[in-house]
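Here's the structure, in structure tokens; my notes come after.
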Amino acid sequence: MKSAPGEIFGFLGHNGAGKTTTVNILTTLLEPTAGTALVNGFDIIKDSLTVRRIIGYLPENVEFYDALTLMENLTFFAKLSGLSKPGQRIREVLKWLDFTGHENQKLATFSKGMRQRVGIAQAILHEPSLLFLDEPTSGLDPAGVKILRDTVIRLNQELGMTIFMNTHLLAEVTKTCSSIGVLRAGRLIYQDSLARTLEKFPSEDSLEDIYLKIDAQTA
Amino acid sequence: MKTIFIVAKHELKTAGRERLSQALLLIFLGMVLISAVIGWAAHSTVMNVYNETLRQTGRHLANPFAGASPLDPVKNSVIYVVLIGALLAIIAGVSSSVRDRRAGVIDILFSRPVKIRDYLAGKLLGIQCWLGFILLAAMTLSWISVWVVTSHKLSLGDTVALLGFFSLAWVFLLPFSALGLIAGAKTRHEANALLIPILFWVIITFIIPQLGTAENPSALLNPVPARVASTGLLFRANRLLLQPLSVTEHFKHVSGVILHLPDTGPSSVLFDLLVLALAAIAGLAALALVNRASLRSPLYE
């Protein structure tokens, strides 16, 4: 599997296919039992600390310290990312995300959608070149899904971030991704750009049908 | 190194906001205060009886507190450190790792350039700073209480002795903080995270010293001042293998020596200090064995 710089890569697969495990390996949270992987040319095992410096990560169930305020939470993660005086940068990011006015609010009062935006904020504070999103729309209401989708597109187009997104919401993939990969039982069974994929399967009405066809062909 | 301080500072901030930590701080300081009140009441009662006896008999009698250490009123603090302090350290350690696991921030934390050892060292440093703050407050209260009880300020030497005792207490609590952190990081159930270190604490605080008492059965039956060690393989094995594990007894003994308390027993201070140092090193070594996988594993209530 190879993902090109500057693209939004949709990583698809059934539940249990190994999508989250793959992201955990690429974000250096898990060590692979076999094989190798490079992130921006850095080995995930030998150069794990370097890899972590250049990536951002939003896990599926994003949670924070509820007893702390938004500013305190973000300051902690920013400092861990190497920003020594992160106040200015945090304000910039929150403004960019159109999420100002909550800085001194405790996270305990935040909704799922708000937490997801905090998750995005912590992931991009250190200006990573590659962002991993694991099921980012999971549990969000339609308005939250739209905000997140728009944010992902802006991160890619305005900030030039490469985005690797785990999802099984194929409608979202159609709207946001430039290329896709399909994982089945831990193996990559398909990878191509979204445009070419749609061309390859002209008889199928939607990406959902294409996905099911690819899955059936390799079963 | 920088990460350690970032995590330690964060630990202090989050622990300070938790009601459990605040309650434990109040309990510990409350006990120190109560100890001062009890010390004051006991001192006053004995002195009232002594003065009344002097007045009624007109004879010169020895002052019952004449030979006592000026630090005698704070002797209960030794027990409070062993009982409440150790529990407090365990709870602070468990809460610290469980907090991060429950909050679900572990994956975000370790997607940052953070080494597991720096993270754990920062956590331990934060907890120890928190405990250090509590002990410093307890020391200040003790110093004031001695002043109130005896109507005399402690001399510089006694103040240093008091500082020495609370510093020793800080070292004594370190393996308990580490134990709490380890249990909170490795167990799958929150209840076990607290039960396992408490069981360990009960063993080294109560069970092993009880076996030591059994070694001197004559002391239980009659007030023989000198401890007569029993002979026999079982007692020798107990003395050689189990007694060094009784960290709390070694702490109590050194504390007694530092505070100039009477009847501190025959054990060697050097050996006591060695046991305490080894306990602290063992705690740190065990903490170094915690890995990311256990921190990332699910935690059930």
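The values are calculated or read from the model by the stated rules, or taken from the named source; none is laboratory data. The model shown is predicted, which means the values in this text are computed figures rather than measured ones. FYI the Cβ positions are ideal-geometry reconstructions off the backbone, even for glycines, and counts take in every protein chain you see.
Worth a mention:
- Considering residues of segment B:13-26 that are loosely packed, with under 15 Cβ neighbours inside 10 Å and aliphatic (A, V, I, L, M) only, the residue nearest to B:Val78 (Cα to Cα): B:Leu26
Here's the yes/no breakdown for (1) within 18 Å of B:Ile127 (Cβ to Cβ); (2) within 14 Å of chain A (Cβ to nearest Cβ); (3) in a helix (DSSP H, G or I):
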{"position": "B:Ala15", "(1), (2), (3)": "yes, yes, yes"}
{"position": "B:Gln22", "(1), (2), (3)": "yes, yes, yes"}
{"position": "B:Ile27", "(1), (2), (3)": "yes, no, yes"}
{"position": "B:His60", "(1), (2), (3)": "no, no, no"}
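- Residue within segment B:112-127 that is more than 10 Å from chain A (Cβ to nearest Cβ) and more than 19 Å from B:Ile6 (Cβ to Cβ) present: no
- If you go through segment A:163-204 and keep only what is under 27 Å from A:Thr151 (Cα atoms), in a loop (DSSP other than H, G, I, E, B) and without any contact (Cβ under 8 Å) to a residue 60 or more places away in the chain, you end up with just A:Leu169.
- Taken together, the criteria exclude B:Pro64 from residues that are under 30 Å from B:Ala137 (Cβ atoms) and either at pLDDT below 80 or surrounded by 15 or more Cβ atoms within 10 Å (Cβ to Cβ) (or both).
- Residue that is charged (D, E, K, R), in contact with a Ser or Thr (Cβ under 6 Å, 6 or more places away or on another chain), surrounded by fewer than 18 Cβ atoms within 10 Å (Cβ to Cβ) and over 19 Å from A:Gln157 (Cβ atoms), where the choices are A:Lys85, A:Lys112, A:Lys106: A:Lys106
- Residue that is farthest from A:Ala171 (Cα to Cα) [pool: residues in segment A:1-23 that are crowded, with 22+ Cβ neighbours inside 10 Å and of a type outside the set (A, V, I, L, M, F, W, C)]: A:Thr22
- Whichever residue in segment B:250-291 is at pLDDT below 85 and in contact with a Gly (Cβ under 9 Å, 6 or more places away or on another chain) and, among such residues, is surrounded by the fewest Cβ atoms within 10 Å (Cβ to Cβ): B:Asp263
- Flag if B:Arg55 is within 14 Å of chain A (Cβ to nearest Cβ) and modelled with pLDDT of 85 or more: no
- Being in a loop (DSSP other than H, G, I, E, B), within 30 Å of B:Ile116 (Cβ to Cβ) and either over 20 Å from the mean Cα position of the chain (by Cα) or modelled with pLDDT of 85 or more (or both) holds for only one residue in B:Pro223, B:Pro298, and it is B:Pro298.
- Within segment A:47-86, if we keep just the residues that are under 18 Å from A:Leu130 (Cβ atoms) and aromatic (Phe, Trp, Tyr), the residue that is nearest to the other protein chains (Cβ to nearest Cβ) turns out to be A:Tyr57.
- Residues of segment B:115-132 that are within 12 Å of B:Arg292 (Cα to Cα) and surrounded by 20 or more Cβ atoms within 10 Å (Cβ to Cβ): B:Tyr119, B:Leu120.
- Count - residues of segment B:96-108 that are facing chain A (nearest Cβ under 7 Å) and either more than 13 Å from A:Gly119 (Cα to Cα) or without any contact (Cβ under 8 Å) to a residue 24 or more places away in the chain (or both): 4
- Subset of segment B:67-79 (residues that are in a helix (DSSP H, G or I) and crowded, with 21+ Cβ neighbours inside 10 Å): B:Pro73, B:Val74, B:Ser77, B:Val78
- Of all the criteria given as (1) in a helix (DSSP H, G or I); (2) in contact with a Phe, Trp or Tyr (Cβ under 9 Å, 6 or more places away or on another chain); (3) away from chain A (no Cβ under 14 Å), the one not satisfied by B:Leu33 is (2).
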